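The values are calculated or read from the model by the stated rules, or taken from the named source; none is laboratory data. Just so we're clear, the structure is a prediction, and the values are computed from it rather than from any experiment. Here the Cβ positions follow ideal geometry from the backbone for every residue, glycine too, while neighbour counts run over all protein chains shown. Heavy atoms of the whole protein, side chains included, go into the accessibility calculation; ligands, DNA and RNA do not. Shrake-Rupley method; radii C 1.70, N 1.55, O 1.52, S 1.80 Å.
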Amino acid sequence: MAIDKRIVSTICTLLLFVTIGCEAIRCYQCSSDTDQKDEDLCGAYGKFDKERNIPVECSSDESHTPGTFCVKLTQQSPRGFIWNGRWRQVIRRCASVSSTGVTGVCNWGVYENGIYWQECSCSEDSCNGASSFSSLSTMIFVTLSVLLSILFTR
């Protein structure tokens, strides 16, 4: 009884996908503009409290924006923008489309009105709870890419 190699490879591939990619990513979800007065639940001015915020599964109904990776968006006004100093806003959520097409990176810029923005994306569970991003999968990918390019350019 001969088994077709295509059937075996198809079954192995399906088993691999079932084992690796069944769970959706979980991300923190909050926005400092919805915080009550004198509260900073999203970490705009103080340290983000992971005990008071629970990550949500990005494919569930709890998620405001479904997605496949996490995002943290920080916006800050220049000094003197409002009467009591700088204004700052933080948004943490799931996302499905990255402005650069790459996750595990941070992009930044300044809007025309002078507001500074920084958007960081990552693809590990609860990774948008950090004050800065350090993506393990990105570091592994970059290291492997460099090693392969060195090996194949010789």
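Of everything in the range 80-104 that is surrounded by 14 or more Cβ atoms within 10 Å (Cβ to Cβ) and closer than 17 Å to ILE25 by Cα, the residue that is modelled with the lowest pLDDT is SER98. Within the range 23-58, which residues are more than 17 Å from SER121 (Cα to Cα), of a type in the set (S, T, N, Q) and in a loop (DSSP other than H, G, I, E, B)? Answer for the range 23-58, where residues must be more than 17 Å from SER121 (Cα to Cα), of a type in the set (S, T, N, Q) and in a loop (DSSP other than H, G, I, E, B): GLN36, ASN53. Restricting the range 35-79 to residues that are open to solvent by 30 Å² or more (accessible area, probe 1.4 Å) and touching a residue at least 60 places away in the same chain (Cβ under 8 Å) leaves a set whose member that is farthest from GLN89 (Cα to Cα) is LYS50.
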